Number of protein chains: 2
Amino acid sequence: MKKVTLVLVVMLLAGNLFAQFAGVMRGQQTVTLPEGFKPASTNTFLSPYPAVNAQTKQALFKVVAPTANKVQVDLCNKKYDMTKDDKGVWTCTSDPQVVGFHYYAILIDGVAVMDRNSEAFFGSNWESSGIEIPEGPEGDYYRFNNTIPHGQIRSIYYWSDINGLERHINVYVPAEYEQQPNKRYPVLYLVHGWGEDENGWSNQGHMANIMDGLIAAGKAEPMIVVMPSGDIKTNPDVREAKGDVTQIFANNLVPYIDKTFRTKTDRQNRAMAGLSRGGFQTCMTVSANQDKFAWMGTFSGFFLRGDNSLDTAFNGLFKDADAFNKQMNLLYIGTGTEENSPKAQVEALKAKGIKNIVYSESQGTAHEWLTWRRALNEFAPLLFK
Amino acid sequence: MKKVTLVLVVMLLAGNLFAQFAGVMRGQQTVTLPEGFKPASTNTFLSPYPAVNAQTKQALFKVVAPTANKVQVDLCNKKYDMTKDDKGVWTCTSDPQVVGFHYYAILIDGVAVMDRNSEAFFGSNWESSGIEIPEGPEGDYYRFNNTIPHGQIRSIYYWSDINGLERHINVYVPAEYEQQPNKRYPVLYLVHGWGEDENGWSNQGHMANIMDGLIAAGKAEPMIVVMPSGDIKTNPDVREAKGDVTQIFANNLVPYIDKTFRTKTDRQNRAMAGLSRGGFQTCMTVSANQDKFAWMGTFSGFFLRGDNSLDTAFNGLFKDADAFNKQMNLLYIGTGTEENSPKAQVEALKAKGIKNIVYSESQGTAHEWLTWRRALNEFAPLLFK
């Protein structure tokens, strides 16, 4: 990389400053893609590949690797062998994919790496390639809409004395937030899944587009959405990890948010939800802090197994159905039809007398972001009403 | 990557939910690093490698690639051959490095890829690995300081009718911004360099830490800092790039910022600066919009060459020294001592009668982020006074 920068500097020195800048500004040379294919929206801004076909839902990959012996694409549990041309450029076309966002990797001689054509998305504890498979009308709710007002996502570090570290959060505030300087807002705490981080909901989930749309349409209350990290370890200066997220959320994060933003601070105006492991963390946090939360949601993350009976799971949250019904306004349980189903547990909870459950299945989706975009789009309108 | 997620799900199904979560929360197994080495602050939160030695300024790299034939690290214009152990783990230790941030790449059988141990930093038009070499007291100004108030970085999309695209910006607001609902602030527009993007100043540059420190110490006026993209092409839905950044900045971005934030809107309260190509864009934008800007800075990006005489460069900005001196409060020109020097041009400008120039050399640094962190730390205190 440094080499490229140096080449630029040398060219500057050679005096063709303006030609060079003009070239950069024009971007790279025009590339003709096969009929029906367009660059994926998840590509870096100069990359025509990977390209996606909105009709066939196929993805076309291209990797420049003249010195490699074997190159593959690993996408949605299938490895595709790529074919090399005489210039060392490898290509392949995938099977049709489910719409929405998928992580993928390139295998260079068997070593899994990120595709340099892709933006970076943190998943499985490393910076991954990602590809957005486009679709028709459904996708509009998670796309940028220029005709409505937009909220802001604020990047902030707060200090956790439990963790002993500064911790990064993203906080969505609705479009009206700054035009209503005396208004206070309810708060949704929204947690990512295993191997992802606090940027997942904004980058992979497009949560700002979803919330902007719901609020503009009057479907959801204007609310603040706080997206923390569900991991206790972080690395600014590499100090030791400590504490647990439930305590950090309840005792460091909630007070920080209430101090920093114009929030409604009673439990009727505080919700928490998460996907996968974040759903588990939601159940742990809400059950241990019922004085602080009155709404909860778990997307692909509701598990009651092993020695966790309905009576003992999550600090006994469900032991007394009447108490639960009195305390909690909503338990939303979302899942994809192509992943393990929590339906039996939901039925058991209902049979036990637990009310205010909304159970929802996302048709045709697995443990993936389309399931969770849909879940947020359904869940947020139910809150604070 | 998908494979890892699936393994997790399978383990959940197997019933050992809590053991799995506990394992994830504990992070990976303890790794013993060589004496004096610590994980780099630029690593993903679970990665002990690359490790850096604060005394020797060396970096120690480790790559797991059992199936590769040759693995190298490409760091600051030198390729280091890595050595493979019997488990397929490759290691090497670098020469001493300049403190601050450096991009690097891993070469797997000759193919340049990102190190999966590193956070992603957008440079040279792709998501790159980066490593922060720690240092002593000087670095404190760009590190997180828990004893002072912190501003927020806001992630926003604005619409450019010139570009025909939604464009992403990051906007820093000072810590006091929300506690002073009737106060208006001056604005600095701060642009990245070639191959980087609007996240460069916050991710690689640590600009929030720098501004927080300057403002808390009373050295800089509380100000809003707008960080736009200096490239015209972006890729949400892959529409055509059009327009030029100077016009987009002046006619779309400035009005959007003045509408959206509590800004002081006169030229005396608007500054622009940029690094490398962003310095060039600053000169182009300010010279064409002197009714809008009264302060300017260019960090490693002041070039007058070829047919650009002092009289014709940048829309004739310097042609009439008296007019320039009357119009512009500051022209800050920063550079590293280890890169091409603009000193001759600075002397020529002074000889021509151009005043209000501050010329500054960063000792021992090249075309790299420590040069630009230092420049911002010097430049911001000079503004709006």
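Tell me, what HN-Hα J-couplings in whole Hz come from the Karplus equation 6.51 cos²θ - 1.76 cosθ + 1.60 at θ = phi - 60° for each residue of the stretch B:252-267, using x for Gly and Pro?
Result, rounded to whole Hz: 10, 6, 4, x, 4, 5, 5, 7, 9, 10, 7, 9, 7, 9, 8, 4.
Going 7 Å from the Cα of residue A:67 toward and past its Cβ, which residues in the stretch B:65-104 have a backbone nitrogen under 12 Å from where you end up?
Counting backbone N atoms under 12 Å from the label point, the list is B:69-74, B:79-82.
Inverting the mean 1/r over all pairs of different Cα atoms, compute the Kirkwood radius of the stretch A:140-382 and quote it in Å.
Over the stretch A:140-382, the inverse of the mean reciprocal pair distance is 18.2 Å.
Relative contact order, percent, of chain B when contacts are C-alpha pairs under 8 Å separated by at least 6 residues?
Normalised by residue count, the contact order of chain B is 11 percent.
Given a cut-off of under 8 Å on Cα pairs at least six residues apart, what relative contact order in percent is computed for the stretch B:37-134?
30 percent
In the stretch B:137-171, which residues give up 30 Å² or more of accessible area once the other protein chains are added, compared with their chain alone (1.4 Å probe)?
When all protein chains are present, B:144, B:146, B:152, B:153, B:154, B:155, B:157, B:159, B:166 each give up 30 Å² or more of accessible surface.
Placing the label point 7 Å from Cα along the Cα-to-Cβ direction, what are the distances from residue B:219 to the equivalent spots in the other copies, shortest first, in nm to one decimal?
In ascending order, 4.9 nm.
With every protein chain present, what is the per residue accessible area of the protein assembly as shown (1.4 Å probe, Å²)?
Solvent-accessible surface per residue comes out at 37 Å².
Connecting C-alpha atoms closer than 10 Å in a GNM of chain A, tell me which of A:338, A:132, A:361 has the biggest fluctuation.
The residue with the greatest mean-square fluctuation here is A:338.
With a cut-off of 8 Å between alpha carbons and a minimum separation of six or more residues, what is the relative contact order of the stretch B:93-252 in percent?
23 percent
Which three semi-axes in whole Å describe the equivalent ellipsoid of the stretch B:37-134, each the square root of 5 times a Cα gyration tensor eigenvalue, listed largest first?
Rounded to whole Å, the semi-axes are 19, 15, 13.
For chain A, set up a GNM with springs between Cα atoms under 10 Å and report which of A:122, A:299, A:261 has the largest fluctuation.
A:261
Give the carbon-plus-sulfur fraction of the accessible surface of the protein assembly as shown in %, rounded to a whole number; probe 1.4 Å, heavy atoms of protein chains only.
Exposed carbon and sulfur together represent 50 percent of the surface.
What ranking do A:213-221, B:177-185 get when scored by the average of other Cβ atoms within 10 Å per residue, highest first?
Ranked by mean Cβ neighbours within 10 Å, highest first: A:213-221, B:177-185.
Once you charge only the Cβ atoms, +1 for Lys and Arg and -1 for Asp and Glu, what is the size of the charge dipole of the protein assembly as shown about its Cα centre, to the nearest 20 debye?
Value, rounded to 20: 900 debye.
Beyond 50 Å, what share of the Cα-Cα pairs of the protein assembly as shown is found? Please give it as a whole percent.
Counting every Cα pair in the protein assembly as shown, those more than 50 Å apart make up 14 percent.
Could you tell me which of B:97, B:276, A:66 has its Cα farthest along the dipole of the protein assembly as shown towards the positive end, charges placed at Cβ (Lys, Arg +1; Asp, Glu -1), taken about the Cα centre?
Going by the Cα projections, it comes out as B:276.
Taking the simple approach of a point 7 Å from Cα along Cα-to-Cβ for both residue B:244 and residue A:217, what is their distance in nm?
4.2 nm
Nothing charged except the Cβ atoms of Lys and Arg (+1) and of Asp and Glu (-1): what's the magnitude of the dipole of chain A about its Cα centre? Round to the nearest 20 debye.
For chain A, the charge dipole is close to 500 debye.
Quick one: which residues, 5+ away or cross-chain, put their amide H under 5 Å from the amide H of residue A:152? H built at 1.01 Å from N.
Amide H neighbours of residue A:152, under 5 Å, 5+ apart: A:173.
Can you pull out the buried accessible area for chains B and A, both sides counted, probe 1.4 Å, rounded to the nearest 100 Å²?
The summed interface area works out to 8400 Å².
How far apart are the residue B:309 label points across copies, placing each 7 Å from Cα toward Cβ, in nm, shortest first?
Label point to label point, same position, other copies: 9.4 nm.
Would you kindly work out, in nm and rounded to one decimal, the distances from the label point of residue A:176 to those of the same position in each other copy, ordered shortest first, with label points 7 Å along Cα-to-Cβ?
Shortest to longest, the spacings are 3.0 nm.
Obtain the nm distance between the two label points defined at residue A:347 and residue A:251 by a simple spin-label model: each point lies 7 Å from its Cα along the Cα-to-C-beta direction.
4.1 nm
The values are calculated or read from the model by the stated rules, or taken from the named source; none is laboratory data. This is a predicted model, so every value here is computed, not measured. Note that each Cβ is placed from the backbone with ideal geometry, even for glycine, and that neighbours are counted across all protein chains shown. Accessible surface areas use protein heavy atoms only, side chains included; no ligands, DNA or RNA. Shrake-Rupley method; radii C 1.70, N 1.55, O 1.52, S 1.80 Å.
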